[in-house]
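This report refers to the structure that appears directly beneath it.
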Amino acid sequence: MPGTQLAASARADDIDLAGRIAAGDSHAFETLMRRHNRMLYRLARSILRNDADAEDALQDAYVAAYRNIRSFHARSRISTWLARIVINEAYGPARTKKPRRRRADCRIRWCRATHGGISDDGHDD
């Protein structure tokens, strides 16, 4: 039963923290950030594979969490709620920097891989 009590205590703490943040307690938000920062940064870094992009995504996620703290309804732990926000920020359209491959680029790569090259006019050698 100690594990159950610990989980209930953590959930109550999440609810209390969210309520204090919603009431404008900046110290409570700082506590939230300090408590979850390492896990959230690692999550963003694992998705984006770049320190600077991960830091940006995490900062944007904290802003989004602060603005939307009233939408936290304690159906899950606050860490789960924050992780989902980080994931959304990391995969968001503003973060996708990879240009889409054009069909011709794919054809050229396929030809090089299968035939060893292509001619100047873009056709197989």
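For region 49-61, the criterion of a residue being in contact with a Phe, Trp or Tyr (Cβ under 8 Å, 6 or more places away or on another chain) and among the acidic types (Asp, Glu) is satisfied by at least one position.
Can you tell me which residue within region 71-91, out of those that are within 11 Å of Ala18 (Cβ to Cβ) and surrounded by fewer than 15 Cβ atoms within 10 Å (Cβ to Cβ), is modelled with the highest pLDDT? Top of the filtered list is Ser71.
Residues that are of a type outside the set (Lys, Arg), out of contact with any Phe, Trp or Tyr (no Cβ under 6 Å at 6 or more places or on another chain) and crowded, with 17+ Cβ neighbours inside 10 Å within region 4-28 comprise Asp14, Leu17, Ala28, listed in sequence order. Go through region 17-43 and give me each residue that's part of a helix (DSSP H, G or I) and of a type in the set (Gly, Ala, Ser). Correct list: Ala18, Gly19, Ala22, Ser26, Ala28. The residues on offer are Ser46, Ser9, and the sole one that is hydroxyl-bearing (Ser, Thr, Tyr), modelled with pLDDT under 95 and assigned to a helix (DSSP H, G or I) is Ser9.
The values are calculated or read from the model by the stated rules, or taken from the named source; none is laboratory data. What you are looking at is a predicted structure, and each value in this text was computed from that prediction instead of being measured. Reconstructed Cβ throughout: ideal geometry from the backbone, glycine too, with neighbour counts over all protein chains shown.
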